[in-house]
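> Take a look at the following structure, please.
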Amino acid sequence: MLAAGWTALGGASPVTRLDVDVEKLRSAKGMIRLCLTADPDNFPNCVDDAHALSRSVPAGSPLVRLSGLPAGGYAIAVIHDENGNSKLDTFVGIPREGFGFSRNPPIRFGPPRFAAARFQLQGEAQTQQILMRYML
């Protein structure tokens, strides 16, 4: 069975599992909000991506398991929503809460491009380890 929002092309697309291990959280308060997308135009927000897969889990349980994913190229964006208001809080454009991306690319001014966070999901189950970063 495919994850919600995903369709197998021609019914024959191989499916796999992805475990997302979020590390270096500064607290167990709030929620971890994760978005997985294959669409470069909708990374990192996934707002207009009907095929994006989003999950929210308590920050005290930083392992997210996504099953039934078609093989392909994806990128993940994660925020540590410590106050539970369902968004990344900022102060003069600087994140006040934690954030992270698949492949842990360097952060300069703004989020990384899709290509920097992109990874290939294929074959057997894989794990993406995402290190949280805090600016304030």
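> May I ask you to list pairs of residues, at least six apart or on different chains, whose Cβ atoms are under 6 Å apart, with the first in region 47-61 being of a type in the set (V, I, T) and the second being surrounded by 16 or more Cβ atoms within 10 Å (Cβ to Cβ)?
Partner pairs satisfying both residue conditions: V57/I32; V57/V64.
> Do you know which residues across region 10-52 are over 16 Å from I79 (Cβ atoms), touching a Leu at 6+ places or on another chain (Cβ under 7 Å) and of a type in the set (A, V, I, L, M)?
Within region 10-52, V15, L18 meet the criteria.
> Could you check region 40-98 and list, in sequence order, the residues that are aromatic (F, W, Y) and open to solvent by 40 Å² or more (accessible area, probe 1.4 Å)?
F91
> Does any residue in region 33-46 that is closer than 22 Å to Q126 by Cα come within less than 6 Å, Cβ to Cβ, of a residue that is among the charged types (D, E, K, R) and in a loop (DSSP other than H, G, I, E, B) six or more places away or on a different chain, and which pairs are these?
Every condition considered, the pairs that remain are T37/D49; D39/D49.
> Find all pairs meeting these conditions: Cβ atoms under 7 angstrom apart; at least six residues apart or on different chains; first residue within region 118-129 and on the phi > 0 side of the Ramachandran plot and open to solvent by less than 90 Å² (accessible area, probe 1.4 Å); second residue polar (S, T, N, Q) and assigned to a strand (DSSP E or B).
Between residues of region 118-129 that are on the phi > 0 side of the Ramachandran plot and open to solvent by less than 90 Å² (accessible area, probe 1.4 Å) and residues that are polar (S, T, N, Q) and assigned to a strand (DSSP E or B), the close pairs are G123/T16.
> Here's another thing I want to ask about it. Confirm whether A50 is modelled with pLDDT under 95 and over 17 Å from F119 (Cβ atoms).
Here the answer is yes, as A50 does meet what is asked.
> Under 8 Å between Cβ atoms, which residue pairs at least 6 apart in sequence (or on different chains) link something in region 96-111 that is closer than 16 Å to Q129 by Cβ with a partner that is acidic (D, E) and open to solvent by less than 80 Å² (accessible area, probe 1.4 Å)?
Going by the 8 Å Cβ cut-off, the qualifying pairs are G98/E82.
> Pick out the one residue from L36, L121 that is more than 11 Å from the chain's Cα centre (by Cα), more than 25 Å from L136 (Cα to Cα) and aliphatic (A, V, I, L, M).
The conditions single out L121.
> Identify, please: which residue in region 73-93 is under 27 Å from R108 (Cβ atoms) and of a type in the set (G, A, S) and is, among those, modelled with the lowest pLDDT?
Per the stated criteria, the residue is G93.
> So if I check each of R108, R103, R96, which one is under 24 Å from R26 (Cβ atoms) and at pLDDT below 95?
After applying the criteria, what remains is R108.
The values are calculated or read from the model by the stated rules, or taken from the named source; none is laboratory data. These figures come from a predicted structure and were not determined experimentally. All Cβ positions, glycine included, derive from the backbone under ideal geometry; neighbour counts span all protein chains shown. These accessible areas exclude ligands, DNA and RNA; they are computed on the full protein's heavy atoms, side chains included. Shrake-Rupley method; radii C 1.70, N 1.55, O 1.52, S 1.80 Å.
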